[in-house]
Every structure is written in C-alpha cells, then in structure tokens.
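The values are calculated or read from the model by the stated rules, or taken from the named source; none is laboratory data. In this text, all values refer to a predicted model and were calculated from it rather than measured experimentally. Heads up, the Cβs are rebuilt from the backbone with ideal geometry, glycines too, and the neighbour counts pull from every protein chain shown.
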Amino acid sequence: MSPAVQIALQNAVNGLLIGGTYATVGLGMSLVWGVLNVINIAHGAFVMLGAYTTYWLFTLYGIDPFATLPIAGAALFVLGYGLQRVVVNQVIRASFLITFLLTFGFDLLITNGALAVWTADVRAVTTAYSGRALHLGPVIVPAVRLMTLAVALLVALLLHLLMSRTRLGTAIRATASDQDAARLMGIPIGHVYALTFAIALATAGIAGGLAGMSFPIYPAMGANFTFIGFVVCVLGGLGSVAGALTGGLIFGLLTTYAAGWLGPNYDYIVAFSALILVLLVRPAGLFGRAARFRG
Amino acid sequence: MTRRDAGAGLRREPKRPASLVPHRGDARGLAVAAAALVVALVLPGLLNTYYVRIITGIFLFGILASAWNLIGGYTGYPDFGGAAFIGIGAYTTGILMVRAHLPFPAALPAGCLLAAASAVAMGALLLRLRGHYFAIATLGFMLVLRQLTANLELTGGGSGMNLPPAGDFKVFYYWMLAGLALAVLAGFALPRTRAGYAIAAIRENQDAAQVLGIEPLPFKILAYAANAFLFAAAGGIYAYWLTFIDPPTVFNIDFTVQAVVMALFGGPGTVLGPAAGAVILKSLDVTLTNVSLFLHNVFFGALVCALVIFAPRGLAELFQARPGSGRAAALRASIREALQENRV
Amino acid sequence: MVRSKSRVPIAIAAIIVVGALGVTAGALHGEEILKLGAPLAATGADAREGALAKQGYDLWASAVNARGGIKAGPHTYKVQIVYYDDQSKPQTSAELTDRLITQDRVAFLLGPYGSPATFADAGIAEKYKMPMVDSNGAAAKIFEQGYKYTFGVSSPAADYAAAMLQCAASLSPRPATVAIIAADDLFSLEVANGARDWADRNGMRVVYFQKYPVGANDLSAPFTAIKAAGADVIIESGHLQESLVAMRQAQSLEVNAKFFGFTVGPTTPDFVKALGPAAEYVFASSQWTPDVKYNGPLFGTTRQYSEAFTKRYGFEPDYHAANGSAGGLALQLAIQNAGGIDRQKVRDALAALDLVTFYGRIKFNDKGYNSYKPMVTVQIQHGKVVTVWPGNVAAAKAMYPTPVWTARK
C-alpha cells in the first residue's frame, strides 16, 4: 500500500473517530436549538463541566472514566432542568438575540467560575489503557477514541429511541412543531421544555466526559466545542439525531483532511467555507426539516 | 364627486418623504448629542492619559455598537461576524502604512472602502439567510478570514505586524471621536431617508415588504456595508493605536458580542442608545476589573444575565416615564411586563 | 432619599481620616516604599504561566525585603509590587501599563507574561521613558523596535530551538532528519523558524514544517503526516496545552522519534502529572533549571534559590519563576548601582549591568536583550525534569534514543 493511501486511510479513521465526539457535542445543541429555538452559546461550557466531572471522579475516587459518563450525564441533567425552569424560561419567547445574550452570560459565569474554583491548571485523564491501539493493517485505531465513537453512537441511538418511541419524545416533537396546539392538547410546556434542556445538557455532559479522555481539560476549553456544535448543527440539520451524528462525522473528516492536505492552519477555512456553502444551498442542513421553526 | 375634487383630496396627501424626515424628539436628541460632543472635545485637556485611553476605548465600542445597530437593530439581521471588518480595516490600514508608506489619514479610508466592498460581495450571498443562520454564517465568514490572514505573508501571518508608532495619544482619541460621530450620524440619518423606510419595512415583515414592491437585498446590503465601513474605521484606528496587531487580536468575537450587548442594553431601535450602552457598560467593565483580580468576568456575566432577563428592551425603554406614576413604579411595571411577555 | 444624602459626607470624612492615618502610619515607620508595577496574566490563555511568573516576582520581593529593602544611595526602599490581571490580552496589558505609570505612579515596571503583551507594554514604557525589565517575553521582535527602556533578562526565542537541536546533534547516533510543528503565534513561530535555520545550517534535513492554530485540540493529521515522513527529531513549539495534545497524539498514533523536543510544557509540573508515563524521555529547552551552577547576589547559589522557592511554594521552581526573580534582581541591582531611583540613571545602570547571578550571566546587548546567558536542555527522566545539556551543568546523561511506543507498554 502506497504511503499516500496509508495516510488517507489513517486520516479517515482519525476523522471518523474524532467526529464521534463532535457529534455528541452537536446533539445537545441541536436539540435545544431545534426544539426551544435557543442557541446555547454556553453549550461548550457545559461540555467543560462534564469533562471536569469525569476528571474529578476519576482522580479522587478512581472510577473508570467510561463509568463516570452516566454520572456526568445525570448531574448535568439536573442542572439543565433547574436552569431552564428558573432562568431560561424567563426569556424563552424573546427574540433570538436575547436568548443568545443570556447564554453568553451563562458562558462567562460558568467558564470564569470554573477558573476561580479549579484554576487554570491543565489536567488530563490518563488511564492504563490510554495509549493502547488496535492495528488494522497499516492503520492505527487508538482504543480510547474507538470507544468514544461507540459511546457516541450509543447515545445517538438512545436519543433517537427516546424521541421516536416514547411519549416524552412525542410530546417534545409536538411542542417543537406547534407550541400552542401542544398546550391545547394538555402538554405541560414548561416541563417539556425543561426536560428537553435537561436531556441536551446531559448529552453535553457525556460529550465532555468523552472529550476529557482525549483532550486536555481546562476551564476555557468550552469555546472550541461551542463552535464545533454550531457547525455540526448547521451541517446536519436542527432537531435531528441522525443529522447531528452525520454532521459530526462529516465535520471530523473535513477538518482532518483539511489539516492533512493543506496544513492544520486551514481547518477552519475549509470547515466554515463548507458551512457557508451548506447554508446557502440547503439551509436546513442534511437532515433538517425545510420548514423554519420560528423565523 | 368631480375629478377635480378627488384631485384636490389627493393633493392634500403628504408629499413623498424628502431626503431627511424629522421625527418627534429629534430636537432633544440632537441637543444631547451636541452637548456630549462639546464635552468630548474638551476632555483630553482636562484628564490624564489613563482616562483619555479608557474613554477612547469607550468610543471604540460606541462606534461598534452604533454601527451594529444599523444591521442588527434597525434591519433585524443579527451580524455576528462584524469582527471580520474590524480585521479588514486594521490590516488594510497597517499594510498600506507599512508597505506603501501611506500616511494614516489616507490608509484608513482605504480600509473602510475595502471593508464596504467586501460587505457588498459577501452580503449578496449571506443576506439571503435569515435569523440564526445569518448569524452563524457571518461568524463563519469572520473565522475564515482570521485563518486566511494567519496564512498570508503579506499580513505577517500568525506573528502579526507592526504599524509605525504614533506620537501623541490624543490623536487616537480624536479619530475615534470622529468615528463615533460618524456612526451616530449614520444611525440618525438612515431611518430618516427613503432607504430607511424600506429597511424598517423589511425588518417588520420582509415578505410583506416584498409584496409592496421593495426589493429587500439592495437595502440590506446598504445597511450591511454601512456597518462594515464603520467597523473597519474602528479597526483601522485601533490598529494604529495598538501598534502591534495579529489575527486573534483583531478578528475577535469579543468585539462583536460586547457591541451587541451594549446596543441591546442601550436600546436597539434608538440613535444614541447603543453609544450610551457602550459608555455605561465599558465604564462598569473597567471598574470591575479594578475591583477584583479574578472575578470581574463573573460579575460581568451575571450582569449580562440580569440585564437580559429584566431589561430585554434595553435601558432606553426601561426609563421611559409613564404618565401618572413615579419612576420606581414605572421601573417595576416595565420589568413585570418584560417577564410576562417573554415567559412561556 | 434623605438618609442616603446625609451618608455621603460621613463617608467622605471617614475616608479622609483613614487615609490620613495610613499616611502617618507609613511615615512613622520611617521606611520608604518602592512601588513596582506588573501587569501579569491571572486569567486567560496564559494564566498558568502568569501565575508562575508572579511567584518568581514575589519570591524576589520578599527576599529583598527580608534584607531590609533595596539600598539606593542614602535611602532604603521596601519593595511593593502592584499587580493587575491583563487577562492574557496585549491591549489590556498596554492599558494597565499606562494605568500603572500614570495612576499608580509606580517607580519602575516588571514585565508581563508573554511576548505579545511584552511587545505592547514596551511601547508604552518607551513613551513614558519608564524602565521595564522584561522577564517573560523572548520574541526578537520586541527588541527590534529600537526601544531604549525595555531590557529582557531571558535568552531570545531563537535560542530555544538551537539549544534542543544542539543537544540532539551531540547525541549518538546523530539524528539526520527533523520535523517541526509550531503554534501560530509570535513567539512559537520565531522558535520554529530558528529551528529550521539551525537545521539547515548544521546538516539536518527538515522533512516537515507546519504551523497549527493556537489552542488546537486535534493534531492527528499533522502527526499522521510526520509519521509517514519518518523524522528522527520532532520539535514542537507552542505552549503547555498544545504540548499535552501533541504528546498524547504521538502516543496514540504511535509516532516514533528518537528525540521529542518541546519548547513550553515539559518544565511545568502539569506536564508530568497529566501525561504520566508518556511524558518520559521528552526533551525541552529551558531558560534555567535548578541544576545549573551559578552563584550571585541576594539568592546565593542556584541551589539556594531553588530551596527557598520550594520552601515557600511546595514544588521546585521552573524557569518561568526564575525569569521573574531574575528580572526583579536585575532591577534591584541597577537601582543599587545607580544609587537612586532616577529613571534615567536606573535605565543607564541597567544597560551597563554585567554580572553573574543564580540565574546565570545578566548582561544586555545593544538591542536590550540578554544574549549572554546560554539556555539548557532538560529531559524528563523517571517523572523528574533533569538537566542533560550542556555537559558542564548536566545532572545526568540524556536517555537516547527514545524507545518506540510499542516497547514502552
């Protein structure tokens, strides 16, 4: 196998693996954006909280990082429910700018709060199996990243089942579709919104835990993930699980190949040019609904 | 009814708007602005350089907030990539001064014009999108431009570039003041022109406006280009002031977000609101920075959250006196109303 | 309304009384305070390194105050450092520098952390003719502006690369190829270009040269390419966070090299803690390590400095802290030599300074930076940072070549 093909294959593997993490980040943001019509600028900050949860549980109690994921998810679920009910709900009907600014305020608070409490020290989660890899011919598949992708697929599957097979999922979709009609049908809107936000934050927490296993953990790490979330949402389409998953994988592949062929300093150029292109050609994204949610 | 009567009735209709239509309250607004301008002109002689520096920073954000208001507040298209134009202005000014040895007063307008031109080009594409999508696309545009700049030799790449050092700091103060005056003037003039009426219609209901025969895109581009021109002016002056610029410093989303917060805080539909918002919020930011080495951003974040929840329509509306009740009651009523309106 | 109106005069009176007490208290003590200004990053991207630099400054201040203060002619001054957080932003740093000079009326300036901030602050210092001792800004650009009032105690950026490559070249088998990857910022690029120049002039072939966005999280594509290119030496020029990403990715993608060299990262305690066994064998260049053997005023020997630092902070100092202490020390010696705190005299005393300290030789060339202090190369051995080059200060031999990843499990 020629070196060029080898590199291309390795990049493909790298791209898909990291795409799994990106997809999980995008899932939560897509849910909130599609259902609540809120762009959560602080989404990356919540991912960061998830990463720290995994870090502290692992460092203080020796719990395996993968086992901490449900805990991180649960903690952020509770946080998300509370936040939505108490704070976000105040502005849910306001203009897009208002909600944007509110979540921007959250981001400032959470990131700087984390900085104050945990300091700027850069941390990492290093387990015994952190360096292991599978060898598929000439291609190396790092073990942790592979498991991350598996978890990402699992979370996507669970979320899809939730949205399509459960009553809660139906209620959420109904509320997203037509809030007033849903209310008339007796659906408790406030509760549904809060649950949606909670679920979205739970996925952010899990995404954070996954990210923490592959990337350095520090308070400001969220900003990167917020951008990634945006792109994944737009690429894949809002409110769609399959969309977030596809968007994440495509974004992972795009940036990895851009970095490989043009240089790592071209990754944003390629990614965001693709983003703008998608927005112009198919604004709803790959899997999004053509109808606009609320302008 | 004879035709002549009908004609007479028709002739009594208001004429089509002249080039600038005055609005109610204009006289008072102009008086306030004029007074502020006079004060601003005199200040550098009275204060020491530290304060002059701070105020110049306030002017910078005043320009950004007022300019953003044109596209975001007045046209209803929330632009989150304004920093792209700051960068264009900064780097064009820098490159022309360093490589072409142009003096600053010549380099700056070139940067502004280039930014306006790129706004026309990008706007033709991006202004077809709406709401969230427009916001994300403009943000993407800014990030692409940032990385491009980091990859070019001409701009000094990631290492940044040095502009020739200027002499007296007061120079920047006056340039920024001029920029701010221009921005406020634009915010004043635009709604009072025919184009302004078209833009207002587009903001309220674009489809209806189109049915009425208003072709939205050229007007949106006009607002976007005006916004770009002003952002680039701020960027060019800022670059000269800083002397050293690099991509992350000028292509920085912080500028845009702060400008948006200030515009919203001050009142997005008003002329002086964004500038007032800039003054208040920037002063607060500086004060907080001095209070605590560590927690100033936390305070600011809490402040933004509180503002957004309790005063979503901005300071201007919050302090409009209601007939027959005191200030405090008016404040409470406004807050209550805001909460009711926005809750689910 | 009435209540608040009458509170104001009382408040003002209280402030005046307290202020008067404070002033008299200071005067009664008979000691004079020398205020120094330092706009240092406490938050933002450089927060970690800024904290280390602050520790260096504080250690110096307390050491000199414990001796009674700085003796300048007939006066003795206790040092008081005024810190402001520049949030790792150069423009904020410049504003704060202006504030320190005009509002707080500091006598002299101690430099911020990071080349961009130092560059911005140097311009302000120059405008006010205020001497500034730059301790943590090594980019050559700072010193190419013709500034007369900024003096840098640390070795310039290009030396970072030269030190590592010289060390590599001294090992056997001599490496022949080098891959260079750098963060896209002023300092890191200067180092990378310095590395490339050195390699070209000394017979090492550069097989990969790329820059990546500052704060990048994913370097898998560059490392895949480096692996395919097969380099003997990998030089990564960036900051702590990126060095962690790089090492992890090298490990998980099984990118092997005989010599891994990083500019910033390995000398901070976080590196070993975060990476565990993957941190072994990594080389780094350093302005200073506790192993160098120098002796000088105030702190005594390098070892004594190290012990004083460890006693106060609980861990060994890395070079960021030492830079800070050296900066303070240089200023102190200049003031002593000048016999007073006149800015012009102190500036001239700084320009004329030439002596050996715990940090090494401090002497400023005509551009204002210290080209007379050699850098050292360290390696992480058994979880500890050990000086391995040059030979006269090496505490141990370099462990070379780095074993392949599969052999390290």
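Below, the figures for the structure above:
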{"read-out": "Criterion: farther than 15 Å from B:Leu190 by Cβ, buried (at least 21 other Cβ atoms within 10 Å of the Cβ) and more than 14 Å from chain A (Cβ to nearest Cβ) - qualifying residue of B:Leu242, B:Leu230, B:Leu222, B:Leu212", "value": "B:Leu242"}
{"read-out": "Near pairs, Cβ below 8 angstrom, 6+ apart or cross-chain, from the stretch A:31-47 (more than 19 Å from A:Leu235 (Cβ to Cβ)) to any residue that is of a type in the set (Asp, Glu)", "value": "A:Ala42/A:Asp107; A:Ala45/A:Asp107"}
{"read-out": "Subset of the stretch B:224-283 [under 26 Å from C:Ala125 (Cβ atoms) and not in a helix (DSSP H, G or I)]", "value": "B:Thr243, B:Phe244, B:Ile245, B:Asp246, B:Asn252"}
{"read-out": "In the stretch C:154-177, the residues that are in contact with an Asp or Glu (Cβ under 7 Å, 6 or more places away or on another chain) and crowded, with 24+ Cβ neighbours inside 10 Å", "value": "C:Ala157"}
{"read-out": "C:Thr268 of a type in the set (Ser, Thr, Tyr) and more than 7 Å from chain A (Cβ to nearest Cβ)", "value": "yes"}
{"read-out": "Any hit, the stretch A:85-93, residues being without any contact (Cβ under 8 Å) to a residue 40 or more places away in the chain, facing another protein chain (nearest Cβ under 10 Å), surrounded by fewer than 21 Cβ atoms within 10 Å (Cβ to Cβ) and touching an Asp or Glu at 6+ places or on another chain (Cβ under 9 Å)", "value": "yes"}
{"read-out": "The stretch A:253-266, subset over 19 Å from the mean Cα position of the chain (by Cα) and more than 7 Å from chain C (Cβ to nearest Cβ), residue nearest to B:Phe251 (Cα to Cα)", "value": "A:Tyr266"}
{"read-out": "Residue match in the stretch C:68-84 (condition: within 14 Å of another protein chain (Cβ to nearest Cβ) and surrounded by 21 or more Cβ atoms within 10 Å (Cβ to Cβ))", "value": "yes"}
{"read-out": "Within the stretch C:159-195, tally of residues that are more than 14 Å from chain B (Cβ to nearest Cβ) and not in a strand (DSSP E or B)", "value": "19"}
{"read-out": "Of all residues making up the stretch B:269-304, the number that are under 16 Å from B:Ile71 (Cβ atoms) and at pLDDT below 75", "value": "1"}
{"read-out": "Selection within the stretch C:371-405 - more than 23 Å from C:Ile235 (Cβ to Cβ) and out of contact with any Lys or Arg (no Cβ under 6 Å at 6 or more places or on another chain)", "value": "C:His382, C:Asn392"}
{"read-out": "Residue among A:Gly285, A:Gly209, A:Gly229 that is in contact (Cβ under 8 Å) with a residue 12 or more places away in the chain, crowded, with 24+ Cβ neighbours inside 10 Å, away from chain C (no Cβ under 14 Å) and under 23 Å from B:Leu129 (Cα atoms)", "value": "A:Gly285"}
{"read-out": "A:Phe100 touching a residue at least 60 places away in the same chain (Cβ under 8 Å) and more than 20 Å from A:Gly208 (Cα to Cα)", "value": "yes"}
{"read-out": "Checking C:Val346 against (1) surrounded by 17 or more Cβ atoms within 10 Å (Cβ to Cβ); (2) under 22 Å from C:Ala53 (Cα atoms); (3) in contact with a Pro (Cβ under 9 Å, 6 or more places away or on another chain), the condition it does not meet", "value": "(2)"}
{"read-out": "In the stretch C:274-285, the residues that are touching a strand residue (DSSP E or B) at 6+ places or on another chain (Cβ under 8 Å) and either more than 19 Å from C:Ser188 (Cβ to Cβ) or within 9 Å of chain A (Cβ to nearest Cβ) (or both)", "value": "C:Ala274, C:Ala279, C:Glu280, C:Tyr281"}
{"read-out": "Residues being of a type outside the set (Val, Ile, Thr) and free of Cβ contacts under 8 Å to residues at least 24 places away in the same chain - total across the stretch A:48-69", "value": "6"}
{"read-out": "Of residues in the stretch A:107-147 being aliphatic (A, V, I, L, M) and closer than 16 Å to C:Arg48 by Cα, the one modelled with the lowest pLDDT", "value": "A:Ala120"}
{"read-out": "Residue count, the stretch A:201-254 (criterion: more than 17 Å from A:Leu149 (Cα to Cα) and not aliphatic (A, V, I, L, M))", "value": "13"}
{"read-out": "Filtered residue count, the stretch A:93-146, keeping only those that are of a type in the set (Gly, Ala, Ser) and at positive phi", "value": "1"}
{"read-out": "Hey, C:Asp366 part of a loop (DSSP other than H, G, I, E, B), closer than 24 Å to C:Glu144 by Cβ, over 17 Å from the mean Cα position of the chain (by Cα) and at pLDDT 90 or above or not", "value": "yes"}
{"read-out": "Evaluation of A:Ile110 against (1) within 16 Å of the chain's Cα centre (by Cα); (2) within 17 Å of A:Ala211 (Cβ to Cβ); (3) facing chain B (nearest Cβ under 9 Å) (one fails), failing number", "value": "(1)"}
{"read-out": "Single residue of the stretch A:132-181 satisfying the filter (outside any helix (DSSP H, G or I) and either within 18 Å of the chain's Cα centre (by Cα) or of a type in the set (Val, Ile, Thr) (or both)) that is nearest to the other protein chains (Cβ to nearest Cβ)", "value": "A:Ile140"}
{"read-out": "Unique residue being assigned to a helix (DSSP H, G or I), facing chain A (nearest Cβ under 9 Å) and modelled with pLDDT under 70 when the list is B:Glu341, B:Glu317", "value": "B:Glu341"}
